[in-house]
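Undergrad: Please read through the structure below; I'll follow up with questions.
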Ligand code: NAD
Ligand code: UFG
């Protein structure tokens, strides 16, 4: 059994990826400091897969503690590095914490990989690096635009760090995955997105409004240059996204990567507006969602969706689930989680 270290493995995308890795036969070691997730996620992963991943509660800002994880698990062959702070607005308020957390963590992982001779890493990047793209759909060759917040800048800097690091260390293989907008939850509804506090992202805000936790959804802008005036994104199912990580790990471990540093867009290739997402969600629940149109949110781009041909052809991976099925999974998760919460009270 091959061992993969998953940083941020109790988080939203990480937990779904751990499930897919275990189901594909990998042994998983999770590292997470639980700054944005809960230890109970490990139980849920076990409930879904029948296997309990190893869990190390470690802060990757702590270099020694990071090295100790590699010391304790000498069979690690690859790392998937999800761990990061990810709230765009918060990153404007506390930029140094974002730079320190996201950049130090990557550096400590690379140092540990060097010391313990681990050669493969998959990195969580974001389509935020493209900013407002000049051409749609956006390809991996599109220029990187100046980040509009420290969060996006940490993704750009991390990509550059790995590129620079490979110059004297060409034996290190990197796959950088640029996610578009991950949404939805595992079909079991045992794991899903669990934002702490008021959600910033569209779909958790929608499900929390539908369940009565929020008064109404604010739609940020209906005066964009799009067919219905609301902003367009490429919403990708989190399980589809998780599967792309398994494919990436296989590619690295089997030596099938064509270049030492590869970049793939992970999206569906289809753009949906905010109003379309609301309509699709209403179809899923069969009930109207309470929303109102307000002004644009600062820093938002008008539209971005992926050209997925490179990921489809080269990685041999394709997003399969459609928007309605994915929104239904998010709704099922919200309902399941809140009913469990009531039981606990
Ligand atoms: P998440 O917050 O649910 O998961 C990240 C996990 O990393 C959390 O469990 C958190 O506790 C952990 N973590 C953070 N800093 C850590 C540290 N110093 N040491 C140890 N653990 C630490 O976020 P997510 O949505 O699952 O995102 C995973 C990755 O994907 C992140 O790198 C994020 O920037 C990237 N990404 C996410 C999205 C999105 O919309 N969710 C889009 C593009 C890219
Ligand atoms: N939106 C609303 N109301 C809300 C929340 C969001 O109308 O309450 C709109 C936004 O204006 C945007 C769309 O819904 O048009 C999607 O917004 P999200 O906040 O869900 O997602 P973003 O596209 O803004 O950002 C996400 C991640 C970032 C990542 C980025 C990459 O949250 O981490 O994708 O494009 F960097």
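Read the figures in this text as sums done on the coordinates, not as results from a lab. It should be emphasised that the depicted structure is a prediction, and the values quoted were computed from it without experimental measurement. Cβ atoms come from the backbone with ideal geometry, glycine included; neighbour counts cover every protein chain shown.
Undergrad: Quick check: the angle from helix 150-166's long axis to the longest principal axis of the chain, C-alpha only, nearest 10 degrees?
TA: It works out to around 30 degrees.
Undergrad: Same structure again: Any idea how far the Cα center of region 1-75 sits from the one of region 96-165, in Å?
TA: 21
Undergrad: Report, in degrees rounded to the nearest 10, the 0 to 90 angle that the Cα long axis of helix 105-115 makes with the longest principal axis of the chain.
TA: 20
Undergrad: Another question about this same structure. How high is the relative contact order of the chain? Use alpha-carbon pairs under 8 Å, at least six apart in sequence, and give a whole percent.
TA: In percent, rounded to a whole number, it is 19.
Undergrad: Hey, another quick one. What percent antiparallel are the DSSP beta bridges of the chain, to the nearest 5?
TA: Details: 2 of 42 bridges.
The antiparallel proportion sits near 5 percent.
Undergrad: Semi-axes, largest first, in whole Å: what does sqrt of 5 times each Cα gyration tensor eigenvalue give for region 269-324?
TA: Semi-axis lengths for region 269-324 are 28, 18, 6 Å.
Undergrad: Could you give the angle, 0 to 90 degrees to the nearest 10, between helix 238-253's Cα long axis and the longest principal axis of the Cα atoms of the chain?
TA: 20
Undergrad: Using the basic label-point model (7 angstrom from Cα toward the beta carbon), what is the residue 335 to residue 318 distance in nanometres?
TA: It works out to 3.1 nm between the two label points.
Undergrad: Okay, moving on. Pull out the extension gain between residue 256 and residue 67, defined as 0.36 nm times the separation in residues minus the alpha carbon to alpha carbon distance; nm, one decimal.
TA: Here the segment from residue 256 to residue 67 would lengthen by 65.2 nm.
Undergrad: Residue separation times 0.36 nm, minus the C-alpha to C-alpha distance between residue 218 and residue 343: what's the value?
TA: Result: 42.0 nm gained on full extension.
Undergrad: Got the relative contact order for region 72-176 handy, in percent, Cα pairs under 8 Å and 6 or more residues apart?
TA: 36
Undergrad: Relative contact order for region 1-155 using alpha-carbon pairs under 8 Å, separation at least 6, rounded to a whole percent?
TA: Values: 250 pairs, mean separation 34.9, N = 155.
Computed value for region 1-155: 23 percent relative contact order.
Undergrad: I would also like to ask the following. Using a 10 Å cut-off on Cβ atoms, rank the peptides 164-173, 268-277 from the highest mean neighbour count down.
TA: Descending mean neighbour count gives 268-277, 164-173.
Undergrad: Quote to one decimal, in nm, the extra length available between residue 164 and residue 228 on full extension: 0.36 nm per residue of separation minus the C-alpha distance between them.
TA: Difference between extended and current length: 18.7 nm.
Undergrad: Would you compute the Debye intensity of region 145-193 from its alpha-carbon atoms alone, equal scatterers and no solvent, and pass along log10 I(q)/I(0) at q = 0.13, 0.17 Å⁻¹ to two decimals?
TA: Log10 of I(q)/I(0), two decimals: -0.52, -0.72.
Undergrad: Further question on the same structure: Just grab the label-to-label distance for residue 302 and residue 92, each label 7 Å out from Cα along the Cβ direction, in nm (one decimal).
TA: So the two model labels end up 2.0 nm from each other.
Undergrad: Using the basic label-point model (7 angstrom from Cα toward the beta carbon), what is the residue 23 to residue 38 distance in nanometres?
TA: Output for this residue pair reads 2.3 nm.
Undergrad: Still on this structure, please answer the following. If you build the Cα gyration tensor of region 233-287 and take the root of 5 times each eigenvalue, what three semi-axes come out, in whole angstrom, biggest first?
TA: 34, 13, 5
Undergrad: If you build the convex hull over the alpha carbons only and average its shadow over all orientations, what do you get for the chain? Give it in nm² to one decimal.
TA: Over all viewing directions, the chain projects a mean Cα-hull area of 16.7 nm².
Undergrad: Roughly how many Å is it from the Cα centre of region 311-345 to that of region 233-289, as a whole number?
TA: Here the answer is 11 Å between Cα centres.
Undergrad: Taking the Cβ-Cβ separation of residue 57 and residue 100 as r and a Förster radius of 25 Å, what is the calculated FRET efficiency to the nearest 0.05?
TA: Taking R0 as 25 Å, the efficiency between residue 57 and residue 100 is 0.85.
Undergrad: Report, to two decimal places, the Cα Rg of region 151-278 normalised by 2.2 N^0.38 Å (N = number of residues).
TA: That ratio works out to 1.31.
Undergrad: Same structure, new question: Place a point 7 Å from Cα of residue 47 in the direction of its Cβ. Which residues in region 173-204 have their backbone N less than 12 Å from it?
TA: It comes to 188-192, nothing else.
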